[in-house]
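Report on one structure; see the data block that follows.
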Amino acid sequence: MLEFRISGETAEASCLADQLERAGYVVRRSKPYRNRDEEGCRIYLELDEDKVMGWMLANLEKASLDDPS
C-alpha cells in the first residue's frame, strides 16, 4: 500500500480525495483531521500500489512518445 496525505482547504482536499476514490485508487480513507490553529485539513489515504504504478507507467510511456528527441 502507498500512503498519501492531502493537505489544504477542507473543500479542496475532500474533492481531490473523492476524485481519487471514484477513480478506484483508494483502498482506505481517513476522516479529515484539523488542528485548532489550522484553517484547512489533512486527509490520509491508502492507495492501491498496483493501480498507481500502472497509471504512472502509462503516463511515462505517453510522455516518452510525445517527446520528439
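The numbers here are math on the coordinates, done by the rules we state, and not lab data. Predicted model only: the values in this text are computed from it and were never measured. Cβ atoms come from the backbone with ideal geometry, glycine included; neighbour counts cover every protein chain shown.
Its DSSP H runs of at least 4 residues, each contributing -39,500 (n - 2.57), put the calculated 222 nm mean residue ellipticity of the chain at -15000 deg cm²/dmol, to the nearest 500. Other residues within the sphere of radius under 13 Å centred on the Cβ of residue 21, judged by their own Cβ, net out at +1 (K and R +1, D and E -1). Here the stretch 2-66 is assigned +1 on the Cβ of each Lys and Arg and -1 on the Cβ of each Asp and Glu. Its dipole about the Cα centre then comes out at about 240 debye. Between the C-alpha center of the stretch 16-30 and that of the stretch 35-55 there is a gap of 8 Å. Contact order for the stretch 2-66, expressed relative to its length and based on alpha carbon pairs under 8 Å spaced 6+ residues apart, stands at 39 percent.
Spin-label pair residue 27-residue 63: with each label point 7 Å from Cα along the Cα-Cβ axis, the two points sit 2.5 nm from one another. Over the Cα atoms of the chain, each weighted equally, I'd like the Debye log10 I(q)/I(0) at q = 0.25 Å⁻¹, rounded to two decimals. Listed by q, the Debye log ratios stand at -1.02.
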